[in-house]
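The values are calculated or read from the model by the stated rules, or taken from the named source; none is laboratory data. The structure displayed is predicted, hence computed values, not measured ones. As a convention, Cβ positions derive from the backbone with ideal geometry for all residues, glycine included, and neighbour counts pool all protein chains shown. Surface accessibility is based on the protein's heavy atoms, side chains included, excluding ligands, DNA and RNA. Shrake-Rupley method; radii C 1.70, N 1.55, O 1.52, S 1.80 Å.
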Amino acid sequence: FQSGQSIIMRGLRAILCAPMLVQERLIGVVYVDTSLRSGVFTDSDLQLLDAVAGQAGVAIENARLYLVAVEKGRLESELQMARQIQESLLPRRLPELAGYELAARWRSAREVAGDFYDVFMLEDGSMGLVIADVSDKGAPAALMMASTRSIIRSHAFSGFSPLDTLKRTNLQVLQDAENGMFVTVFYSVFYIGGTSSHICAGHNPPMLYRRADHTVTMLPRGGMAVGWFADNNMHLLSLSLQPGDLIIYYTDGLTESENLSHEFFGEGQLAEVILSMADKPAGEIADRILAHVDAFCGEAPPADDLTLCVVRYTGA
């Protein structure tokens with residue numbers, strides 16, 4: 001009724017209302033009125049209106065569910081396309097550098113992921129490897145991942161040193177990122193002959209296996225995540241690898257994989273797997289690590305994205 005009008009002013013003699021119920025949930029009302037002097041609604045009229053309201057409620061709810069299904073299908077299609085685009089940003093074929101074996105594995109907890117890795121050749125004949133983890137998940141993290149990957153590549157291909165590459169990346173991400181997201185990054189550059197340079201920006205430190213004494217240690221932690229602070233105190237670590245040595249890169253989605261008892265896989269189990277498989281090719285080591293993680297987690301669903309990279313120095 002319009003504001004201020006009364007039933008008498010409108011000349012109504014009778015009003016009949018019936019609720020539109022769907023599984024005892026009210027979604028609307030069917031309203032009927034009459035101004036005829038002889039107009040009096042009966043119980044039969046109420047029963048008829050109830051039947052009409054019930055059918056109308058079902059029809060309206062079905063139409064709503066159909067629209068929801070159409071929208072869900074559209075979103076799923078877009079997410080699937082986004083996943084395909086994201087996967088295309090990962091290296092289709094790992095580059096080859098004399099004396100090194102490489103293997104990489106990537107899993108997303110959702111349709112798209114915030115984890116990524118990248119391996120590329122530089123003009124001086126060295127090979128760059130990046131593993132990173134965006135602070136969020138899903139579509140926002142995937143967009144951040146694509147942007148950070150491009151920025152790192154741009155600086156690396158421009159001839160900047162490994163340390164300057166990450167420092168410049170940090171400043172650019174800090175300038176562009178207004179949503180509070182950040183990225184943990186570990187960047188390595190490998191050279192022919194077994195020498196290598198490493199910079200950590202808040203990422204999980206990789207594990208280093210030394211064949212000479214059959215030990216596994218963790219590389220030093222260092223720096224803060226990219227996109228946090230302008231003054232990011234990152235340091236360059238130089239390593240000399242010997243034939244049979246390994247470096248295992250991973251995101252926290254691996255070591256923090258949980259089983260149904262909410263226990264983490266952890267660095268300890270990862271080190272044990274590395275020691276038991278250290279003489280195997282890089283690809284076999286990567287597959288065996290993931291197999292151990294899957295066996296540990298059992299039926300527990302993945303809670304985070306997972307990325308793993310294995311570098312083996314053969315010296316050949």
Report the Cα centroid-to-centroid distance between region 208-255 and region 182-205 in angstrom, as an integer. 6
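Order the following by accessible area, largest value first: His235, His155, His262. Probe radius 1.4 Å; ligands, DNA and RNA are ignored. Don't skip to the answer; put the middle values down first.
Working: His235 110, His155 25, His262 145 Å².
Most to least solvent-accessible, the answer reads His262, His235, His155.
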Going by amide H atoms built from the backbone, whose H comes under 5 Å of the H on Val30, apart from near neighbours? Ala18, Met20
Could you go through region 42-51 in sequence order and give the Karplus-derived ³J(HN,Hα) for each residue, using 6.51 cos²θ - 1.76 cosθ + 1.60 with θ = phi - 60°, rounded to whole Hz, and x for Gly and Pro? 10, 4, 5, 4, 5, 5, 5, 5, 4, 5
Based on the mean of other beta carbon atoms within 10 Å per residue, what is the order of 142-153, 66-77, most packed first? 142-153, 66-77
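Could you please put Leu241, Leu26 in sequence from largest to smallest accessible area, using a 1.4 Å probe?
The residues order as Leu26, Leu241, largest area first.
Quick check on region 221-294: what are the equivalent-ellipsoid semi-axes from the Cα gyration tensor, as sqrt(5λ), descending, whole Å?
Values: eigenvalues 138, 89, 16 Å².
Taking √(5λ) for each Cα gyration eigenvalue gives 26, 21, 9 Å.
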Rounded, prolate or oblate (a/c below 1.5 giving rounded, otherwise prolate when a/b exceeds b/c) for region 110-239 by Cα gyration tensor: prolate
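For Leu237, Leu260, Leu166, Leu12, what's the largest-to-smallest order of accessible area, 1.4 Å probe? Each step should come with its number before you reach the end.
Working: Leu237 55, Leu260 120, Leu166 0, Leu12 25 Å².
Sorted descending by solvent-accessible area, the residues read Leu260, Leu237, Leu12, Leu166.
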